[in-house]
């Protein structure tokens, strides 16, 4: 059993409200003014020093606000950062934790008519507002973005499409290889939605009215969120259109291609995306060898493509699954910090 950390964060936690104009007209009706928790390093208020910026993208069903929570036999991110600094593995930095939760349970940090323009929010809206509020070093060479699962995917998307904003990226167990991750789940989705006459909106109405969330509903909700993220339909309720015949479970290949357009395995084939990653000062990717969503297979394929393209990166595979792997930040955060100017 890991030893519990009793140390409290030594820095200062503050919250600010930021505008997310890219999210404003989302079909879910989610708010476009969002809370961002910010961890300022010890001594911030007594100095005039400026600091590099780390942006933490939360996983699906989570939020930046949860990343600060007390954890049994573990560490909240501020505790972990304090320890890494005290051990001399990295220096002080400002960490930002945006709340990007949605009615559909989370976010893939891509632009979507249904969920909102979250990719643009991370790339363009967030940093200027943070820089106006805190002493953050200016320029992409002083910024890193990282996350796990959906957050890791979102961080990787930033590297693939918006490397002009970031010097360093870390993707922990990110969604890579959509054929392996999502397509295999469509048969079960058909059976789940059959109880609602095949109507995602009817399932969601029951979901929001329930007194608690049932575990069996999470995978259904996740696939609805993915549909709204990758292939939103402005004419469908909540923007959700399923890329499968709900009676026969036959995949609509044309619609499925819209999903695949967001798969890092497909994006990396574009020379422009390769150039974006090549411009990074650090690219860290890892995944558990027993990941229950089979993400390690997608990660292996992706890093093979990186190697073939001559893109520098660090890939680590560790003997664990998809759950409770924040300890992997001990590997990524020092590497990202070392790459920042």
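The values are calculated or read from the model by the stated rules, or taken from the named source; none is laboratory data. Keep in mind that what you see is a predicted model, and the values were worked out from it rather than measured. A quick note on method: Cβ atoms are made from the backbone with ideal geometry, for glycine too, and the neighbour counts reach across all protein chains shown.
General observations
Let's see how each residue does on (1) crowded, with 19+ Cβ neighbours inside 10 Å; (2) in contact (Cβ under 8 Å) with a residue 40 or more places away in the chain:
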position	(1), (2)
242	yes, yes
261	no, no
270	no, no
279	no, yes
309	no, yes
312	no, no
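- Answer from 62, 22, 69 - the residue that is within 20 Å of the chain's Cα centre (by Cα) and either surrounded by fewer than 15 Cβ atoms within 10 Å (Cβ to Cβ) or at positive phi (or both): 69
Every residue, every condition in (1) buried (at least 24 other Cβ atoms within 10 Å of the Cβ); (2) in the same structural domain as residue 59 (by TED's automatic domain parsing), yes or no:
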| residue | (1), (2) |
| --- | --- |
| 103 | no, yes |
| 132 | no, yes |
| 143 | yes, yes |
| 150 | yes, yes |
| 165 | no, yes |
| 187 | no, no |
| 190 | no, no |
| 195 | no, no |
| 198 | no, no |
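- Among (1) out of contact with any helix residue (DSSP H, G or I) (no Cβ under 9 Å at 6 or more places or on another chain); (2) assigned by TED's automatic domain parsing to the domain that holds residue 49, the one test that residue 208 misses: (2)
- From 329, 277, 306, residue being at pLDDT 95 or above, in a helix (DSSP H, G or I), over 17 Å from residue 147 (Cβ atoms) and in contact with a strand residue (DSSP E or B) (Cβ under 9 Å, 6 or more places away or on another chain): 306
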